[in-house]
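Student: Below is one structure. I have some questions about it.
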2 protein chains.
Amino acid sequence: MRNCVRRKILCCINGSFGERFAEVAEANGVAVVKLAPPLGEPISPENLHDMLSKNPDVEAVALTHNETSVGLINPLKELVATIKRHDKLVFVDAVSSMGGTEIKVDELGIDVCFSSSQKCFGVPPGLGIGSVSEQAMNLSATASNKGWYFDFKVWEEDQKKGRGTPVTPAIPQIAGLNTALKMIQRNGGRKWYFDLYKERNQRIRIGIEHNGLSTFPRKGSESPTVNCINAPEGVEGGVIYEKMREKGFELAEGYGPLKKRTFRIGNMGYIEMRNIDLMLRTLGDVLTSL
Amino acid sequence: MRNCVRRKILCCINGSFGERFAEVAEANGVAVVKLAPPLGEPISPENLHDMLSKNPDVEAVALTHNETSVGLINPLKELVATIKRHDKLVFVDAVSSMGGTEIKVDELGIDVCFSSSQKCFGVPPGLGIGSVSEQAMNLSATASNKGWYFDFKVWEEDQKKGRGTPVTPAIPQIAGLNTALKMIQRNGGRKWYFDLYKERNQRIRIGIEHNGLSTFPRKGSESPTVNCINAPEGVEGGVIYEKMREKGFELAEGYGPLKKRTFRIGNMGYIEMRNIDLMLRTLGDVLTSL
């Protein structure tokens with residue numbers, strides 16, 4: 001925020017992590033305009049275009065690529081193209097999508113794209129991963145009152161001088177990420193990894209439907225990395241979460257306003273197909289026992 | 001800075017990490033007054049008192065407890081008492097002292113005291129450790145434009161609600177710190193650990209003197225966790241660092257303006273006495289071979 005935005009940002013909000021993005025902007029003294037479709041609906045390029053036409057003074061647009069809290073993925077390519085037609089900066093929260101699905105950062109023209117070690121890369125948490133465009137870097141160069149820790153130019157300087165990072169980083173996680181990336185390379189590269197996510201996710205989705213359940217977001221916008229599942233009529237999502245936990249499966253509870261109505265099944269990191277099958281069979285047992 | 005300081009801070013500077021503190025303040029739009037004795041000299045309570053008398057408008061004082069770059073420890077108790085007589089906030093960078101020597105945070109009245117996992121606790125890097133006084137917390141409550149990530153109130157809220165941390169933390173390092181603290185407890189508690197640092201450091205200091213070398217900082221202000229050693233006449237510190245490295249000992253080069261004139265021997269984390277003895281014998285060989 002402090003590197004690139006002086007006054008105003010448009011935040012696209014699909015759930016809790018989009019709300020968080022807006023909170024961060026406001027906490028940094030930036031005015032926020034919000035585009036927030038009903039929960040479960042993706043951001044539509046048309047609505048985004050309208051918002052940008054009505055608010056020509058926004059300097060940047062914040063997108064949550066994959067909104068974990070509702071299990072939804074946004075049409076990134078179309079949204080970034082729309083934003084670029086209005087000549088605005090694009091910030092993408094790719095926390096739960098980077099590594100799980102293709103993001104052509106430079107080709108699309110994403111200015112700041114960030115993620116973390118513990119989601120699709122399957123490495124323990126503690127590491128932020130990000131890229132910054134030249135335009136964003138130039139804006140940072142002339143920004144004032146940026147603070148120190150998140151100042152792009154501070155990080156760039158140390159990197160250029162071959163000193164690594166300006167503060168001692170989470171070294172074990174860097175080694176872990178290196179290992180994870182080498183493993184992906186060895187197994188066939190990015191396409192292999194993205195396909196693996198797709199395959200695992202489809203398997204989970206089919207299993208859910210077999211068990212008579214449905215996913216929360218609009219059809220076609222389901223996240224490839226986490227499924228947000230409607231709890232059966234009259235049952236709280238937390239009950240299913242707890243019962244699965246007792247049987248040794250750590251799923252996730254619903255998040256924020258969907259806490260009671262849903263539960264979630266993540267598909268990130270190292271998971272074998274046979275574990276997915278076992279989890280689905282166990283879920284069937286739990287549902288039958290309700 | 002943004003939680004507690006509105007306009008002006010006094011930064012006590014003994015070396016590179018004190019300079020860093022001032023940089024961080026300036027990057028956050030805070031005016032900085034500096035108290036910077038010659039390299040190797042500790043901050044004197046008298047000079048600090050004079051500076052505070054001449055600058056009654058400073059709101060806080062920043063101290064580096066143990067300045068790693070010059071191997072110096074400041075007289076924390078006396079300095080904090082001086083600051084409290086002037087009724088200012090005290091921020092203490094205890095990165096390379098917390099765990100290695102006693103810091104009575106509440107008794108002294110330190111408002112913000114922070115450290116990290118990878119120094120005296122001997123855990124891999126990735127974790128910040130800190131405490132915040134009630135007064136600092138109250139100032140944060142009324143501060144604006146604080147940003148989000150370092151907002152004390154954000155962290156307090158999640159802690160109070162039993163949700164842990166507002167962002168996913170470096171979990172392996174938390175487990176590591178827990179293990180390190182239990183190990184300290186099992187071996188006799190804090191006093192045992194502080195004494196161990198003292199003993200190891202003395203052993204290193206005696207060994208250095210045996211080898212005809214001297215430490216850089218003023219006598220009596222030598223750090224208990226890192227020794228900054230004057231390189232012998234006509235030899236660059238980096239040469240000794242490299243030769244020791246070839247023999248399997250990872251010491252540290254001099255830092256900042258002392259890069260050429262000194263080298264450093266740290267004493268943090270898990271180190272056995274016999275390794276110290278072996279290192280000292282090897283250092284003797286290296287010095288003889290020059």
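Student: Exactly one condition in (1) more than 30 Å from A:R20 (Cα to Cα); (2) modelled with pLDDT of 95 or more is false for A:E272; which is it?
Tutor: Of (1) more than 30 Å from A:R20 (Cα to Cα); (2) modelled with pLDDT of 95 or more, only one is false for A:E272: (2).
Student: Among the residues of segment A:28-41, what is the count of those that are within 14 Å of chain B (Cβ to nearest Cβ), surrounded by fewer than 21 Cβ atoms within 10 Å (Cβ to Cβ) and either assigned to a loop (DSSP other than H, G, I, E, B) or under 21 Å from the mean Cα position of the chain (by Cα) (or both)?
Tutor: 2
Student: With the requirement that a residue be of a type in the set (D, E, K, R) and more than 14 Å from chain A (Cβ to nearest Cβ), what does segment B:90-116 give you?
Tutor: Scanning segment B:90-116 gives B:E102, B:K104, B:D106, B:E107, B:D111.
Student: Let me ask something else about it. Tally the residues that are without any contact (Cβ under 8 Å) to a residue 60 or more places away in the chain and not in a helix (DSSP H, G or I), restricting the search to segment A:137-185.
Tutor: Number satisfying all stated conditions: 13.
Student: Quick one: how many residues across segment A:211-221 are touching a residue at least 24 places away in the same chain (Cβ under 8 Å) and in a loop (DSSP other than H, G, I, E, B)?
Tutor: 7
Student: Filter segment B:117-173 down to the residues that are acidic (D, E) and within 13 Å of chain A (Cβ to nearest Cβ), then identify the one that is nearest to A:N145 (Cα to Cα).
Tutor: B:D151
Student: May I pose another question? Can you tell me which residue among B:D87, B:D57, B:D50 is touching a Lys or Arg at 6+ places or on another chain (Cβ under 9 Å), more than 14 Å from chain A (Cβ to nearest Cβ) and surrounded by fewer than 16 Cβ atoms within 10 Å (Cβ to Cβ)?
Tutor: Going through B:D87, B:D57, B:D50 in turn, just one is touching a Lys or Arg at 6+ places or on another chain (Cβ under 9 Å), more than 14 Å from chain A (Cβ to nearest Cβ) and surrounded by fewer than 16 Cβ atoms within 10 Å (Cβ to Cβ): B:D57.
Student: Looking at (1) within 19 Å of the chain's Cα centre (by Cα); (2) surrounded by 15 or more Cβ atoms within 10 Å (Cβ to Cβ), which is the one condition that is false for A:D195?
Tutor: Tallying (1) within 19 Å of the chain's Cα centre (by Cα); (2) surrounded by 15 or more Cβ atoms within 10 Å (Cβ to Cβ), A:D195 fails exactly one: (2).
Student: Further question on the same structure: All but one of (1) hydroxyl-bearing (S, T, Y); (2) touching a strand residue (DSSP E or B) at 6+ places or on another chain (Cβ under 8 Å); (3) farther than 26 Å from B:K146 by Cβ hold for A:S53; state the number of the condition that does not hold.
Tutor: Only one criterion is unmet by A:S53, namely (2).
Student: Does A:E233 satisfy the condition of being of a type in the set (D, E, K, R), out of contact with any strand residue (DSSP E or B) (no Cβ under 8 Å at 6 or more places or on another chain) and not in a helix (DSSP H, G or I)?
Tutor: Yes.
Student: Looking at B:L72 and the list (1) away from chain A (no Cβ under 14 Å); (2) in contact with a Gly (Cβ under 8 Å, 6 or more places away or on another chain); (3) over 23 Å from B:E41 (Cβ atoms), which single condition is not satisfied?
Tutor: Here B:L72 clears every test but (3).
Student: Exactly one condition in (1) in contact with a strand residue (DSSP E or B) (Cβ under 7 Å, 6 or more places away or on another chain); (2) in a helix (DSSP H, G or I); (3) buried (at least 17 other Cβ atoms within 10 Å of the Cβ); (4) not polar (S, T, N, Q) is not met by A:P224; state its number.
Tutor: The number of the failed condition is (2).
The values are calculated or read from the model by the stated rules, or taken from the named source; none is laboratory data. Just so we're clear, the structure is a prediction, and the values are computed from it rather than from any experiment. Reconstructed Cβ throughout: ideal geometry from the backbone, glycine too, with neighbour counts over all protein chains shown.
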